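Below is one structure, written out as structure tokens, with a few remarks after it.
FYI, it's all coordinate maths here, none of it is from the lab. Model, not experiment: these values are computed from the prediction. Methodologically, a virtual Cβ is constructed for each residue, glycine included, from the backbone with ideal geometry; neighbour enumeration extends over all protein chains shown.
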Amino acid sequence: MEALFRRNDWASAVEAATRIPDWLDVPEPKSYRPKLRYRTVWISDLHLGTAGCNAAMLLDFLRSIECETLYLVGDIIDGWRLRKGWYWPDSHNEVIRRILKMAHRGTRVVYITGNHDEILRDYAGLGFGGIDLRNEAIHVTADGRRLFVIHGDAFDGVVLYARWLAFLGDQAYYLLLKANRVFNRVRKAMGMPYWSLSAYLKRRVKNAVHYVCSFEEAVAHEAAGRGVDGVVCGHIHSAEIREIGDIVYYNDGDWVESCTALTEDAQGRMAILDWAEWLREEAQGGRAQAEAVAE
């Protein structure tokens, strides 16, 4: 009899572990805007688990798109920051739920590990919740080009050879992002849209610009050695599309400063989508339409 109870307990535990949560099948709320449809979307550097993550804007973006494949190109969850202190508001749960819903409803989701979520690298090749975990990938575009997809920290000399400096830089960057949040709270109170102070300052600093250029060239050199047509990465929080020799370099940006994604349409055309700018243009279009009606 005791053995039977143990078997029943085990069966109940297995059933509970494999049961699909009810919220995965909850219908989507009616949206006032049509979905943006893409073949592929790349996003990286969400840094969930930090106050710097623009989770509300990210969630709005994820609810506004449909795609066949979604690449999460590293630093999705910030293990470095979570080790120093737990920070996980409901909005970060909602981002995870949204991604799991997309996977459940047919989107192919590929999670490329980064340095801030490096703890997952030992589990590359496994899947969880419909998400394929990898350290790198090859993506074939609709027009047949092969793109090497990687987070990019392997080409960052600071991360590789001066890890203590990387952690120190992470702390300084965290303080800069705190200033950015205060700055944007003031802008919001004044009825002004989101604008990244930290991204602006980074673009103005000569050493930062030199670092970005060196990083891009190192990544492109690795891609050329692999015989691909281009490379998609994140890591440096600087969205970019440019040709470096025979390689097309793509960086999808981040969701703590610029709030950008890289997109591919059905014909294989690639573009950077600046979500903050997209929302500004949408708001301006709405105001223009309201003014036209009023006239």
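Points worth noting:
- Extension gain, ILE96 to ILE241, is 49.4 nm, computed as 0.36 nm per intervening residue step minus the present C-alpha separation.
- Among the chymotrypsin sites (Phe, Trp or Tyr not before Pro) in the range 83-158, those located in a DSSP loop and surrounded by at most 16 other Cβ atoms within 10 Å of their own Cβ are TRP86, TYR87.
- Estimated inter-spin distance, ARG39 and GLU277, nm [label 7 Å along Cα→Cβ]: 2.3 nm
- Trypsin sites (Lys or Arg not before Pro) restricted to the range 99-128 and DSSP loop, no more than 12 other C-beta within 10 Å: ARG105
- For the pair ARG121 and HIS104, the difference between a 0.36 nm per residue extended length and the Cα-Cα distance amounts to 3.8 nm.
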